[in-house]
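Read the structure below first, then the notes.
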Amino acid sequence: MNGKRMRILIVTHVVAKNDGQGRVNYEIVRAALAAGHTVTLLASRAAQELLEHPGVRFVRIEAGRLPTRLLQYQQFAWKSGMWIRAHRDEFDIVHVNGFIAWARADVNTVHFVHDGWYRCGFYPFRFFRNLYHAYQVSYTRLNAHLEKWAFQHTDVVVPVSEKVRGEVRALGIDAARLQVIHNGVDIDEFAPGVAQRERFGLPQAPFLLLFAGDLRVARKNLDTALRALALTPPHVHLVVAGILRNSPYPALAASLGLAERVHFTDLVKDMPALMRSVDAFVFPSRYEAMSLVLLEALAAALPVVTVQTAGGAEVIPPECGIVLDHPDDAHGLADAIGRLASDGERARKMGQAARELAATLGWQTMAQRYLSLYEQVRVRRAIAANPAAHAPMSVES
């Protein structure tokens, strides 16, 4: 980077530490401000500590009150698109996230690919099953088309994993315009330490696995994790962290004879402390772009058992965890869990390697990659706008 200050516009719904996509943008903003750049946030909500910085301008796009998330997102896209078109000349970089605005962009970070989810083989909805399913299919297919439009109208598309890169390429986006930047993790917050099992009402003796995710969606695949647990020795228990309201999984655990071996904690706000209190992390998600919780488990020095369909699995070598081919292979998952539970020394060494890997995936590393990309885009635009000024000088003999 040549040190020139940039005027950056970031367009996203939320910029905050407690939101997955929001956290990515939060860390980019922090790094940009530290480097002396100015940042405008076009969003519905942003962290107060960012808004108090003199280098930040916040343009609020109010969350829509229209019925359904589909219409609310469209309202945001129209409002943000109009604002961008009116103010485009004020910025060196316009950075959007997926389909979020009816406007061209310089950089587009891809956190989820609806076409990839629809075609992954585990999509659960069928248009003619009922009204809810019809809405979900319509939502997915429309977003798939809108995302393709957004990628086509962006200079550089940034998939958050190689898995996502493949899904974007399947939409016909030129590989030369793609640059993968993995999400980051807070290696200080998610650091190994003293276990606090009693704080979470967990038993002291068993080998504890942790499953953490949204229990409202089947793609997280807790059902296979439970079926795998039923095939493992009795000293292996599972801790499930996620909102329990209307969840079918306690009943499923009971039906599998696992009521005493599965510990539902409901929503846990102090996830680092919970991760310090378990022995391994299990994450057989049927579809994931790049899961932050997977990286957090690595940072907490937990050996990981996951699957190829979980974005982020690509960064996990055998020294850090076990990556299975198929998310619904309960027997394979049980075997992987059993291997860890039966060899505490191996699990400990894998956890140490996981921690070392996470140290290379910190938020600062991720944010610096985005700032370098911004500078590359800015320089390319300057050359395109005035090629004569950037042409190499000839040397006369």
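Each value in this text was obtained by applying a stated rule to the coordinates, not by laboratory testing. For clarity, every value in this text was computed on a predicted model and none was experimentally measured. In this analysis, Cβ positions are derived from the backbone assuming ideal geometry, glycine residues included, and neighbour counts consider all displayed protein chains.
Rank PHE283, LEU256, ALA330 by how far each Cα sits towards the positive end of the charge dipole of region 197-360 (+1 on Lys, Arg Cβ; -1 on Asp, Glu Cβ) and give me just the farthest. Sorting the options by dipole projection puts first LEU256. Once Rh is set to the Kirkwood radius over Cα pairs, what Stokes-Einstein translational diffusion coefficient, in µm²/s, holds for region 93-188 at a temperature of 4 °C and a viscosity of 1.567 mPa s? In µm²/s, the coefficient rounds to 92.
Where a ≥ b ≥ c are the square roots of the eigenvalues of the C-alpha gyration tensor, would you call region 198-310 rounded, which needs a/c under 1.5, or, failing that, prolate if a/b is larger than b/c, or oblate?
Cα axes put region 198-310 in the rounded bin.
Rounded to the nearest 20, the Cβ-based charge dipole of region 6-69 about its Cα centre (Lys and Arg +1, Asp and Glu -1) stands at 160 debye.
Return the loop-located GluC sites (Glu not before Pro) in region 50-112 (DSSP other than H, G, I, E, B) with at most 13 other Cβ atoms within 10 Å of their own Cβ; answer none if there are none. Mind dumping the intermediate values first?
Values: sites: GLU52, GLU62, GLU90; in loops: GLU52, GLU62.
Passing sites in region 50-112 are GLU52, GLU62.
This model, with +1 at the C-beta of Lys and Arg and -1 at the C-beta of Asp and Glu, gives the chain a dipole about its Cα centre of some 1080 debye. Cβ crowding within 10 Å, taken as a proxy for footprinting-reagent exposure, orders SER285, SER291, SER138 from fewest neighbours to most as SER138, SER291, SER285. In the set [x] 100, 46, 46; [y] 78, 56, 43; [z] 67, 42, 41, the label that goes with Cα extents along the principal axes in Å computed for this structure is [y].
Between LEU252, LEU131, LEU209, the residue with the greatest mean-square fluctuation in the GNM of the chain (Cα pairs under 10 Å linked by springs) is LEU131. Among HIS133, HIS13, HIS153, the residue with the largest mean-square fluctuation in a Gaussian network model of the chain, with springs joining Cα atoms closer than 10 Å, is HIS133.
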